[in-house]
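Working notes for the structure below.
The values are calculated or read from the model by the stated rules, or taken from the named source; none is laboratory data. None of these values were measured; they are calculated from a predicted model. Here the Cβ positions follow ideal geometry from the backbone for every residue, glycine too, while neighbour counts run over all protein chains shown.
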Amino acid sequence: MDILFFIGIAIIFGFIGGKFSNRFKFPGVVGYLFAGLILGPSIFKIFSLELLDKIGVFNDLALGIVAFIIGSEIRMTTLREMGKGIMTIIFTESFGAFLLVALGVYLLTHKLYMALIFGAMAPASAPAGTAVVLQEYKAKGPLTNALYTVVGLDDGLAIMIYAFAAALAKLFLIGGTVSFLNIVEGPLIEILGAIVLGGLMGIAFGYFIRKLKGKDEVLAVSLAAILICIGVSKYFHLSLILSNLSLGMVFANLFLLANRRAYQAIQSITLPIYIIFFVIAGAHLQIKLLPVMGFLGLIYIICRASGLIGGAFFGATISKQDPAIRKYLGLGILSQAGVAIGLAILVTREFGSLGKAGQDLAVLVINTIAATTIIFEIIGPIATKFAISKAGEMNKAK
Amino acid sequence: MNILFLVGIAIFLGAFGGKIFQRFKIPQVVGYIIIGVLLGESALGILKQSTIEAFTPIINVALGLIGFRIGVELNREVFRKYGRSIYTILFSEGLFTFFVVTLLVTLITKKFYLGLLLGALASATAPAATTDVLWEYKTRGPLTTILQAIVALDDGLSLIIYGFASVFAKSLLSSEASFTLLHSVGVPLFELGKSCSIGVGMGYILCKLFRYIKDKEYSFSFVIAAIILTIGASILLEADFLLSVLVLGIVVTNLSPQECRKITGGIERFSPPIYILFFVLVGARLQPRLFLNTSIALLAVAYLIGRSFGKMMGAWGGAFFSKARKTVRKYLGLCLFSQAGVAIGLAMVIYHNFSLLGPEGKEVGILIINVITATTFVVQLIGPPCVKFAVTKADEVWRNITEEDIVESYRVGELMRRDFSLIREDATLDKIIKTIKERESYHFPVVNNQNELVGLISLGSLRSTFLEEQLNQIILAKDVAIPVGRVLYQEQPLKEAFEIFDRRQIDYLPVVQTKGSKKVVGIVEYHSLIESINRKLFERQQGLDEELKKAEG
């Protein structure tokens, strides 16, 4: 059957779901996800896994665009003003989630390697879930700025934390020695490479777009820049979120006017792409995992949420941030999706071959992350909406 | 390689190529296609045949957008706007071109279905390349008006012709053995009905749903989804999706015109990257080697000649019967050569639909894509110059001008006042007042013995001296003159003068001979400048409005 038929179905049903969830004062994202869940293999099976694979390019496309938009929202001036504070918050919320989850899992299982791996899953946030809500409600203000920056940048730290935790876990599981350099090398390349790639492309495309006059061409070229950035990142196994983020950031700060035009052009076409993205994400949710998630999943959910919220509160307090940021930032970054699942898949790849204990760990991690993602993907956007509405930053952007 | 990367590269290089070609006054479409040829298998081989196949959904979306936008143009208002004469010309040039090309191609290839298909494609005219020329040369007049109407409408006509031609061609190709009347009429009519009813159904649902959507952004996503769904459904039901989306567009624009206007901007913004990609892919599919085959090269030449002849004669005939002006009769045909998106799009649709009919169908599809793309090259290169020639001959160039255009085109020296009086710096107040009385001006440059500008006197600056009449003999011009702030020079663009006026909130400036010199050669006053600009504007447009009214009526 033709793929376009399904894409059309996905947009229409996603859209109806979004309207529906708006009626309950929930963000549209929740409705898109539910539409996907209903259409997907879990319930009505209109979208088969095979088909989902085929339209998987939309994931990369949507993530690239989200990252670009987040990057464009991060202003150098904001960073300079609250840079130190933001960095502190990123560290405290990430480590807060890591430590609490690790602690909880250790108390439950008494296995250190398991605690480390689960802890390392926790900091990864889903930028799309947060950013799309911020856009839907036209949020603007200090909390919004902080949210964009934190969800954008904390993926770098999440990758780092995972690298260390995984190395340590391996040490506990099979013994032997590891060198610090070996641990750091991979993720450092992944992170720095992405930043450098995005930065260079940002400069190159900035010069090019400045020369363009027509609005049509601006959209074409900026979309092309994002696509190329995604493609190159995938090819070299760099973080495509970070590379597009730095593309957007360099672009936004060095070429202010050009970026305004590119940003507007990109934003005008994003809605259908987001809808498809979240419908696909919803279809991927495996609802049958929910009941078997067990106590471990519950611990993970509670510890991750309180770790993120508490960590953000602590970081914002010691760096003397706005009260709005202190109270609500943690709530805004609860979403968990692609990045965490990506890390879980990495665990299966790295630990699946390490004997029985490794295999058990791999299965447990992937199932638990997949199951808890159902909760976090749905709660995350709702919490973000709650946060910005409490902070009074809704409907402030023109 | 990652497919998104390829898409990105194709769009970027396509946009880049388009820009470069535009610099040489070649329509961008040609640039996109050439980039495609370079990336394709016949040159660099980055876009392989298998990759191109993977892009099929994107191509279909691009075609769907083209069809939808043409459909949206066909609303009641448009039909009401143009008089009957325009429709006479439209049908005459479209149908005549169709007949001529069909006849010629059938004679050469002995294949009636091929003739029908190429004939249908021949009737389309590319609006973009044509209207670009009109814009660039600011044309205005009966030829321009009729030309704009024709290019806006004839894509719709050609799609309808295509609809009929393609279903007949299909039944000719697929059932040559059992050729009965029922088959040759019934099947095509059924096919047409199927495509149209999908479009009508989707359009109806869409319009019903429109009522619940208030947000502009949402309705845009919804329309995109509807277009995509229509394409998908048509492919599913083996109908012609281009016709379905055309009908979708027509239904939407006529049932809910207001909502439709809201979304067209969004659709237009959404389209360029997809179009660029589309043309690059068309280029990548082109096989220049095919034209080494003389019969194919001959076919392309025949198509070109038949189409040009058909357009010229058809336009002439239509203009003759509708009693249009002589310039329209003579030159309209020359303006209709351009061919681009629609023709190529239709060629792609034919390729898509006919390759389902087996190897012969696929061959036909490839042949048509190549003939159309190659001839597009030629007509895109000769089309715009022909339009330029025609509008120049019809004396409609540089008529549709605004005040801004006049300002842009002149230098200060050309519109300044030369009849001004200088006041010597040692002139007494009496003498100054005498000078002011003689001339109808409020501002006067003050010069020294070497005729160098030293200051300005305006009525306002004199006011304070009037109180002390007994000093009339003592006060000299240099005492009351105000220092010179800014001057203009003769060769300065007039636009800069206006910028200075605006920024400094003044209405008078002296003009010196050259930049940096102090020799006053004229003055510029804001109000009289505006007057002379309006006079120039009137001179340019004089008489044209009446002619236009005659033509439109």
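Within the range B:309-337, if we keep just the residues that are outside any helix (DSSP H, G or I) and buried (at least 24 other Cβ atoms within 10 Å of the Cβ), the residue that is nearest to the chain's Cα centre (by Cα) turns out to be B:Phe337.
Being touching a residue at least 24 places away in the same chain (Cβ under 8 Å) and surrounded by fewer than 24 Cβ atoms within 10 Å (Cβ to Cβ) narrows it down to one of B:Phe91, B:Phe68, so name that one.
Numbers: B:Phe68 fails: surrounded by fewer than 24 Cβ atoms within 10 Å (Cβ to Cβ).
So the residue among B:Phe91, B:Phe68 that is touching a residue at least 24 places away in the same chain (Cβ under 8 Å) and surrounded by fewer than 24 Cβ atoms within 10 Å (Cβ to Cβ) is B:Phe91.
Per the listing B:Arg540, B:Arg439, the residue uniquely closer than 26 Å to B:Glu425 by Cα, modelled with pLDDT under 75 and among the charged types (D, E, K, R) is B:Arg439.
Residues are listed down the side, and each one gets a yes or a no for (1) assigned to a helix (DSSP H, G or I); (2) crowded, with 22+ Cβ neighbours inside 10 Å; (3) touching an Asp or Glu at 6+ places or on another chain (Cβ under 9 Å):
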position: A:Lys170; (1), (2), (3): yes, no, yes
position: A:Leu173; (1), (2), (3): yes, no, no
position: A:Leu188; (1), (2), (3): yes, no, no
position: A:Ile195; (1), (2), (3): yes, no, no
position: A:Ile230; (1), (2), (3): yes, yes, yes
position: A:Asn244; (1), (2), (3): yes, yes, no
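Is there a residue in the range B:79-88 that is modelled with pLDDT of 85 or more and either surrounded by fewer than 19 Cβ atoms within 10 Å (Cβ to Cβ) or more than 30 Å from B:Lys362 (Cβ to Cβ) (or both)? Looking for residues that are modelled with pLDDT of 85 or more and either surrounded by fewer than 19 Cβ atoms within 10 Å (Cβ to Cβ) or more than 30 Å from B:Lys362 (Cβ to Cβ) (or both), one finds at least one in the range B:79-88, hence yes. Exactly one residue out of A:Gly36, A:Gly71, A:Gly40, A:Gly31 is small (Gly, Ala, Ser), touching a residue at least 12 places away in the same chain (Cβ under 8 Å) and within 14 Å of chain B (Cβ to nearest Cβ): that is A:Gly31.
Please enumerate the residues belonging to the range B:362-389 that are farther than 19 Å from B:Phe291 by Cα and in contact with a helix residue (DSSP H, G or I) (Cβ under 7 Å, 6 or more places away or on another chain). It would help to see each step written out before you state the result.
Of the residues in the range B:362-389, the ones farther than 19 Å from B:Phe291 by Cα are B:382-389.
Selection gives B:Gly383, B:Pro384, B:Cys386, B:Val387, B:Lys388, B:Phe389.
Do you know which residues across the range A:36-65 are among the hydrophobic types (A, V, I, L, M, F, W, C) and crowded, with 17+ Cβ neighbours inside 10 Å? A:Leu37, A:Ile38, A:Leu39, A:Phe47, A:Leu51, A:Leu52, A:Ile55, A:Phe58, A:Leu61, A:Ala62, A:Leu63, A:Ile65, listed by residue number.
Of the candidates A:Leu219, A:Leu197, the single residue that is within 13 Å of chain B (Cβ to nearest Cβ) and closer than 22 Å to B:Glu268 by Cβ is A:Leu219.
Within the range B:213-223, identify whether any single residue is closer than 26 Å to B:Gln28 by Cβ, part of a helix (DSSP H, G or I), within 26 Å of the chain's Cα centre (by Cα) and within 14 Å of chain A (Cβ to nearest Cβ), and answer yes or no.
Of all residues in the range B:213-223, those closer than 26 Å to B:Gln28 by Cβ come to B:220, B:223.
Narrowing further to those that are part of a helix (DSSP H, G or I): B:220, B:223.
Filter once more, so that each one left must be within 26 Å of the chain's Cα centre (by Cα): B:220, B:223.
Narrowing the set further to residues that are within 14 Å of chain A (Cβ to nearest Cβ) leaves B:220, B:223.
Yes, because at least one residue in the range B:213-223 is closer than 26 Å to B:Gln28 by Cβ, part of a helix (DSSP H, G or I), within 26 Å of the chain's Cα centre (by Cα) and within 14 Å of chain A (Cβ to nearest Cβ).
Just so you know, in the range A:202-215 the residues that are under 25 Å from A:Ala131 (Cα atoms) and at the interface with another protein chain (Cβ under 9 Å from one of its Cβ atoms) include one that is surrounded by the fewest Cβ atoms within 10 Å (Cβ to Cβ), and it is A:Lys215.
Taking first residues from the range B:2-16 that are free of Cβ contacts under 8 Å to residues at least 12 places away in the same chain and within 7 Å of another protein chain (Cβ to nearest Cβ) and partners that are of a type in the set (Phe, Trp, Tyr) and crowded, with 24+ Cβ neighbours inside 10 Å, no Cβ contact under 7 Å between residues at least 6 apart in sequence or on separate chains turns up. Restricting the range A:1-28 to residues that are more than 8 Å from every other protein chain (Cβ to nearest Cβ) and charged (D, E, K, R), the residue that is nearest to B:Leu63 (Cα to Cα) is A:Arg23.
Matching residues to (1) surrounded by 22 or more Cβ atoms within 10 Å (Cβ to Cβ); (2) at pLDDT below 85; (3) not assigned by TED's automatic domain parsing to the domain that holds B:Thr373; (4) not charged (D, E, K, R):
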site: B:Leu95; (1), (2), (3), (4): no, no, no, yes
site: B:Phe99; (1), (2), (3), (4): no, no, no, yes
site: B:Leu107; (1), (2), (3), (4): no, no, no, yes
site: B:Gly115; (1), (2), (3), (4): yes, no, no, yes
site: B:Leu118; (1), (2), (3), (4): yes, no, no, yes
site: B:Ala126; (1), (2), (3), (4): yes, yes, no, yes
site: B:Pro142; (1), (2), (3), (4): yes, yes, no, yes
site: B:Thr145; (1), (2), (3), (4): no, yes, no, yes
site: B:Ala152; (1), (2), (3), (4): no, yes, no, yes
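Just one of (1) over 28 Å from A:Leu4 (Cα atoms); (2) small (Gly, Ala, Ser); (3) within 11 Å of chain A (Cβ to nearest Cβ); (4) surrounded by fewer than 24 Cβ atoms within 10 Å (Cβ to Cβ) fails for B:Ala43. It is (3).
Over 30 Å from A:Phe34 (Cβ atoms) and modelled with pLDDT of 85 or more: is that true of A:Phe236 in this structure? Yes.
Based on this model, can you work out whether A:Glu73 counts as among the acidic types (Asp, Glu) and within 17 Å of the chain's Cα centre (by Cα)?
Numbers: among the acidic types (Asp, Glu): yes; within 17 Å of the chain's Cα centre (by Cα): yes.
Yes, satisfied.
Checked against (1) surrounded by fewer than 18 Cβ atoms within 10 Å (Cβ to Cβ); (2) at pLDDT 75 or above; (3) not basic (Lys, Arg), B:Ile401 passes all but condition (2). Looking only at the range B:299-314, count how many residues are hydroxyl-bearing (Ser, Thr, Tyr) and touching a helix residue (DSSP H, G or I) at 6+ places or on another chain (Cβ under 7 Å). Total meeting the criteria: 1. With a requirement of 3 or more residues that are touching a Phe, Trp or Tyr at 6+ places or on another chain (Cβ under 9 Å), the helices (runs of 4 or more DSSP H) lying completely within the range A:262-381 that satisfy it span A:294-318, A:323-332, A:338-351.
Does the range A:225-267 hold any residues that are hydroxyl-bearing (Ser, Thr, Tyr), within 11 Å of chain B (Cβ to nearest Cβ) and in contact (Cβ under 8 Å) with a residue 24 or more places away in the chain, and which are they?
Once the filter is applied, which keeps residues that are hydroxyl-bearing (Ser, Thr, Tyr), within 11 Å of chain B (Cβ to nearest Cβ) and in contact (Cβ under 8 Å) with a residue 24 or more places away in the chain, the range A:225-267 yields only A:Ser233.
Highlighted here would be helices (runs of 4 or more DSSP H) found entirely within the range B:456-520 that include at least 3 residues which are modelled with pLDDT under 80, among the aromatic types (Phe, Trp, Tyr) and in the same structural domain as B:Leu415 (by TED's automatic domain parsing), but there are none.
Quick check: anything in the range B:424-438 in the same structural domain as B:Gly485 (by TED's automatic domain parsing) and touching a residue at least 60 places away in the same chain (Cβ under 8 Å)? No; the residues of the range B:424-438 include none that is in the same structural domain as B:Gly485 (by TED's automatic domain parsing) and touching a residue at least 60 places away in the same chain (Cβ under 8 Å).
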